1. Mind checking which residues of region 56-83 are free of Cβ contacts under 8 Å to residues at least 12 places away in the same chain and in a helix (DSSP H, G or I)?
2. Scan region 62-82 residue by residue and report those that are under 21 Å from E37 (Cα atoms) and open to solvent by less than 80 Å² (accessible area, probe 1.4 Å).
3. List, please: which pairs have Cβ atoms under 8 Å, are six or more places apart or on different chains, and start with a residue in region 32-53 that is open to solvent by 70 Å² or more (accessible area, probe 1.4 Å) and end with one that is assigned to a loop (DSSP other than H, G, I, E, B) and of a type in the set (A, V, I, L, M, F, W, C)?
4. What number of residues within region 1-18 are without any contact (Cβ under 8 Å) to a residue 12 or more places away in the chain and either part of a helix (DSSP H, G or I) or within 15 Å of R58 (Cα to Cα) (or both)?
Amino acid sequence: MAGYRCVNGIVRVDIHHMYAPDAKKYLERLLKTVGSEVREIEVIHGFHGGTSLQQTVRTEVRSRRILRRGIGLNPGLTVYYLK
């Protein structure tokens, strides 16, 4: 897995190019490896091409690090707030 860049405690990842099962594996692995300095992970999944990635990110990705999920005005973005 490629490294990540943390800016002010926030990591942003774009998974538009992934299939849902691959995105799930990628995000769960990322959640296991991010350091304690990371407070949020912004997941850009899009929604115009369908909702399978959106549903995967919002309901299927599991980690003890996730405190809660944030869903804002942009339906193509989900934020994981971390413990």
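1. T59, the sole residue that qualifies.
2. Answer for region 62-82, where residues must be under 21 Å from E37 (Cα atoms) and open to solvent by less than 80 Å² (accessible area, probe 1.4 Å): S63, R65, I66, R69, G70, T78, V79, Y80, Y81, L82.
3. Short answer, once both residue conditions are applied: T33/M1.
4. Within region 1-18, residues that are without any contact (Cβ under 8 Å) to a residue 12 or more places away in the chain and either part of a helix (DSSP H, G or I) or within 15 Å of R58 (Cα to Cα) (or both) number 0.
The values are calculated or read from the model by the stated rules, or taken from the named source; none is laboratory data. Predicted model only: the values in this text are computed from it and were never measured. Please note: Cβ atoms are built from the backbone with ideal geometry, for glycine as well, and neighbour counts cover all protein chains shown. Accessible surface is based on the protein model in full, side chains and every heavy atom, while ligands, DNA and RNA are left aside. Shrake-Rupley method; radii C 1.70, N 1.55, O 1.52, S 1.80 Å.
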